[in-house]
Every structure is written in structure tokens, then in C-alpha cells.
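A.B. asks: I have a structure here, written as C-alpha cells, and I will follow up with some questions on it.
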Amino acid sequence: MAATMFAQGQTISTKYSDAEIETLIRDHKRMKSRHVQVDGVLLQKFQQDFPNARNARSVKWKTAAGIYEVEFKVENREWEAYYDADGNLLMYETEIGIQELPAIVKNAAEARYPGYRFDEIDKIVKGRQTHYKIEMKSGKSKAKMRITNAGVFVQ
């Protein structure tokens, strides 16, 4: 059984390396997915990782390349999570508010784009890494970036 670590209540599997997770997710997104109903260990693991999703509106499951993607909404917040067939959580992404953005990330974005305001922020936890996908605006100008939880810009 794979070791796990905890990230805000969700159990992130350490069965795969970060590079393996990147490949699995990329292959999943490249393939045409099909909608599915899940049960058993996969559904149980999802309900354990996201207990508030039991009451979520429109939980939708898709699968491709052996990876299961679930999209759901809890308290007006959109979520996506990715599992392997054994119920190992590989990645999740959710919208967050500016008050949830770590100061180091917020300061890095504001320093690079002074005068811009935060428009959209997503937190992405993939394997052992946490990134923030940020959109900022200033008038008609828009800036998009990804920043690690250490405040480092990534491609």
C-alpha cells in the first residue's frame, strides 16, 4: 500500500513520482474521455477525501487512459480531482479566494504585476507539489501565471 500525506484533508498518494503523475494526467487529458458511474473503492476513497462532496451538486465522473476525473461543486467552489483505478488521489484543483493565497505567492504576483488586481485563483495540488494558477487584470490587460507555494514562477 502506498504511503500517503495529508493536504487540507485530502489524502495525496505517494505511489507515483511527480513525473509519473504528470504523465498520467497528460495522457488522460489527451485521450477522449467517457462519462462513467463509479462505485466500490473509487467512490469510497472520493467520499473519504472530499466528505462535503456527498451533498455536492452535479458530481460528474469521466475516465480515459486508466485515470478517473471527477468534477464537482461544493459551496459554490468548483473542484476537479484525479484518481487511478485503485483510488489513489493523484491531483486536485479548486478555486480559492485571495484570502487563502499564501502571502509569499501573493507578494510575488503583485511584485511582478504592480497595479494589477487578482481576478481568478486556482490551487493545484499534484503529487508532492502545490501551485497556484493566477489571473490578474489591469484595465484590458490580463496576466496569467503559475507560482509554486514557495513563490517561484513556473511555466
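The values are calculated or read from the model by the stated rules, or taken from the named source; none is laboratory data. All values reported here derive from a predicted model rather than from experimental measurement. Counting neighbours? That spans all protein chains shown, and the Cβs are built from the backbone with ideal geometry, glycine included.
A.B. asks: Looking only at segment 52-80, how many residues end up being part of a strand (DSSP E or B) and not charged (D, E, K, R)?
C.D. replies: 11
A.B. asks: To continue, here is another question. List, please: which pairs have Cβ atoms under 7 Å, are six or more places apart or on different chains, and start with a residue in segment 1-23 that is closer than 16 Å to residue 41 by Cα and end with one that is at pLDDT below 50 and in a strand (DSSP E or B)?
C.D. replies: 11/4; 12/4; 12/5; 13/4
A.B. asks: What's the total number of residues in segment 81-108 that are surrounded by 15 or more Cβ atoms within 10 Å (Cβ to Cβ) and either within 13 Å of residue 46 (Cβ to Cβ) or in contact (Cβ under 8 Å) with a residue 60 or more places away in the chain (or both)?
C.D. replies: 10
A.B. asks: Moving on. Considering segment 109-144 alone, what residues qualify as being surrounded by 15 or more Cβ atoms within 10 Å (Cβ to Cβ), over 26 Å from residue 17 (Cα atoms) and aliphatic (A, V, I, L, M)?
C.D. replies: Across segment 109-144, the qualifying residues are 109, 136.
A.B. asks: Collect the residues in segment 138-155 that are in contact with a Phe, Trp or Tyr (Cβ under 6 Å, 6 or more places away or on another chain) and either in contact (Cβ under 8 Å) with a residue 40 or more places away in the chain or of a type in the set (D, E, K, R) (or both), keeping them in residue-number order.
C.D. replies: Passing the criteria: only 147.
A.B. asks: Still on this structure, I have one more. Return the residues of segment 30-70 that are without any contact (Cβ under 8 Å) to a residue 24 or more places away in the chain, touching a strand residue (DSSP E or B) at 6+ places or on another chain (Cβ under 9 Å) and among the charged types (D, E, K, R); say none if nothing qualifies.
C.D. replies: Selection gives 57 alone.
A.B. asks: Read through the list (1) over 26 Å from residue 32 (Cα atoms); (2) assigned by TED's automatic domain parsing to the domain that holds residue 15; (3) within 12 Å of the chain's Cα centre (by Cα), then give the number of the only condition that residue 76 fails.
C.D. replies: (3)
A.B. asks: Every residue in segment 26-53 that is small (Gly, Ala, Ser) and under 18 Å from residue 73 (Cβ atoms), please.
C.D. replies: Answer for segment 26-53, where residues must be small (Gly, Ala, Ser) and under 18 Å from residue 73 (Cβ atoms): just 53.
For (1) in contact with a His (Cβ under 8 Å, 6 or more places away or on another chain); (2) at pLDDT 95 or above; (3) in a helix (DSSP H, G or I), each residue gets a yes or a no:
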residue: 82; (1), (2), (3): yes, yes, no
residue: 93; (1), (2), (3): no, yes, no
residue: 106; (1), (2), (3): no, yes, yes
residue: 111; (1), (2), (3): no, yes, yes
residue: 115; (1), (2), (3): no, yes, no
residue: 120; (1), (2), (3): no, yes, no
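A.B. asks: Looking at segment 122-155, which of its residues are in a loop (DSSP other than H, G, I, E, B) and of a type outside the set (A, V, I, L, M, F, W, C)?
C.D. replies: Taking segment 122-155 and keeping what is in a loop (DSSP other than H, G, I, E, B), we get 127-128, 139-140, 149-152, 155.
If the condition is that a residue be in a loop (DSSP other than H, G, I, E, B) and of a type outside the set (A, V, I, L, M, F, W, C), then 127, 128, 139, 140, 149, 151, 155 are the ones that fit.
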